[in-house]
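Q: Have a look at this one before I ask anything.
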Ligand code: SF4
Ligand code: SF4
């Protein structure tokens, strides 16, 4: 029965999404966007907002991945993994466990705590769970975000529900353009139509209310409920279910699209993990200072999960005036200014940031 596998996949997905904010690497969430500092904690490293090329690469990878999955597996995302489907399926199967099938009222009551948890989970991807829980009903922004998200999620799931998949979802609209004749779909076997019992069990269970016997519909979310319902009727008679998965997964398109997607994913991971542990930027300030004096603004980004002790020096023939040592906590950014005094004729200076096994040089002009 497909339902068993689908529920297992959905539960694992729900556990993963809810549990991820609790996983901590080097003292920070495994995956969280820090709005205050505009940086993304990403499994032990940090991606700063200024690194927009990484964001573009990630978007490109996601587009490739979505195209590949849709072209090969059809609407598998919609029926098996989409949070919208998962939440509705879980609330409906919980309602069924209470012995009340097809009751919208019970489902909607169950959706209240479920959407509250989803609302909290969404905030945990921006504010760490302990801080969220401390701020709930104490801090105005956290409480307001929680209540507004909860309200909107509840309205969407309870009153729009599956209609969202059929009318609003942009992914549902674009995916049919990616289908080809071998894409995995659920199809009714028309050649055996004369042996079909026409019991309409497949129609009654369909969450989007379509009749698979009438042919492939763009509204079908490939949930396989109709296969299970039909199996319950046809298997006791020694027949295979009339609706079933149809398509070819292993074909040339799978290999070349899968290969390109995997290569793009690996390249993205390599770019992220092979970045230097530290980024050092320095520019000369455009200001009028006495002869032989120049001021510079510097920014140091610690991309690693380690504390870095660093010292800033400059050469040749210049003296650094002011504080030139700094300690950077994991994933911290530090900004400051430094004054240089020349002891001769200097046109160019070389700054060196050294310490904790790192040595970085940057050149800048001197007037
Ligand atoms: S459940 Fe199966 S046997 Fe019954 S109408 Fe649907 S396809 Fe035919
Ligand atoms: S036709 Fe079958 S697979 Fe498609 S949405 Fe309905 S029950 Fe799910």
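Q: Those residues that are touching a helix residue (DSSP H, G or I) at 6+ places or on another chain (Cβ under 7 Å), within 13 Å of ligand 2 (Cβ to nearest atom) and touching a residue at least 40 places away in the same chain (Cβ under 8 Å), I need them from the range 232-255; list them, please.
A: The answer is 242, 243, 244.
Q: Inside the range 243-290, can you point out the residues that are in a loop (DSSP other than H, G, I, E, B) and in contact with a strand residue (DSSP E or B) (Cβ under 9 Å, 6 or more places away or on another chain)? Show your work before the answer.
A: The initial filter retains those residues of the range 243-290 that are in a loop (DSSP other than H, G, I, E, B), namely 247-251, 274-277, 285-290.
247, 275, 276, 277, 285, 287, 289, listed by residue number.
Q: Against the definition (within 13 Å of ligand 1 (Cβ to nearest atom) and at pLDDT 95 or above), how does residue 229 come out, yes or no?
A: When the stated conditions are applied, residue 229 passes them.
Q: Also, I was wondering about something else. In the range 149-231, which helices (runs of 4 or more DSSP H) lie fully inside it and hold 3 or more residues that are assigned by TED's automatic domain parsing to the domain that holds residue 73 and within 9 Å of ligand 2 (Cβ to nearest atom)? Explain how you work it out, then say what you get.
A: Values: elements: 163-167, 170-175, 201-205.
Ranges flagged: 201-205.
Q: For the structure I just gave you, tell me whether residue 296 is assigned to a strand (DSSP E or B) and not assigned by TED's automatic domain parsing to the domain that holds residue 65. Let's see the steps before the verdict.
A: Values: assigned to a strand (DSSP E or B): yes; not assigned by TED's automatic domain parsing to the domain that holds residue 65: yes.
So residue 296 passes the test.
Q: Same structure again: Could you list, in sequence order, all residues of the range 116-142 that are touching a strand residue (DSSP E or B) at 6+ places or on another chain (Cβ under 9 Å) and part of a helix (DSSP H, G or I)?
A: Step one: list which residues in the range 116-142 are touching a strand residue (DSSP E or B) at 6+ places or on another chain (Cβ under 9 Å), which gives 124-129.
Hits for the range 116-142 are 124, 129.
Q: Just checking, which of 199, 169, 206 is more than 15 Å from residue 70 (Cα to Cα) and either buried (at least 17 other Cβ atoms within 10 Å of the Cβ) or more than 14 Å from ligand 1 (Cβ to nearest atom) (or both)?
A: On the way: 199 fails: either buried (at least 17 other Cβ atoms within 10 Å of the Cβ) or more than 14 Å from ligand 1 (Cβ to nearest atom) (or both); 169 fails: more than 15 Å from residue 70 (Cα to Cα).
None of the other options fit; the residue is 206.
For (1) surrounded by 16 or more Cβ atoms within 10 Å (Cβ to Cβ); (2) touching a strand residue (DSSP E or B) at 6+ places or on another chain (Cβ under 6 Å); (3) closer than 17 Å to residue 304 by Cα; (4) in contact (Cβ under 8 Å) with a residue 24 or more places away in the chain, each residue gets a yes or a no:
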residue	(1), (2), (3), (4)
1	no, no, no, yes
12	no, no, no, no
26	no, no, yes, yes
30	yes, no, yes, no
36	no, no, no, no
49	no, no, yes, no
53	no, no, no, no
61	yes, no, no, yes
68	yes, no, no, yes
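Q: Here is a list: 184, 152, 216. Which entry is within 25 Å of the chain's Cα centre (by Cα), away from ligand 1 (no atom under 11 Å from the Cβ) and surrounded by 13 or more Cβ atoms within 10 Å (Cβ to Cβ)?
A: Details: 152 fails: surrounded by 13 or more Cβ atoms within 10 Å (Cβ to Cβ); 216 fails: within 25 Å of the chain's Cα centre (by Cα).
Sole residue among the options that is within 25 Å of the chain's Cα centre (by Cα), away from ligand 1 (no atom under 11 Å from the Cβ) and surrounded by 13 or more Cβ atoms within 10 Å (Cβ to Cβ): 184.
The values are calculated or read from the model by the stated rules, or taken from the named source; none is laboratory data. These figures come from a predicted structure and were not determined experimentally. Positions of Cβ are backbone-derived with ideal geometry, glycine not excepted, and every protein chain shown enters the neighbour counts.
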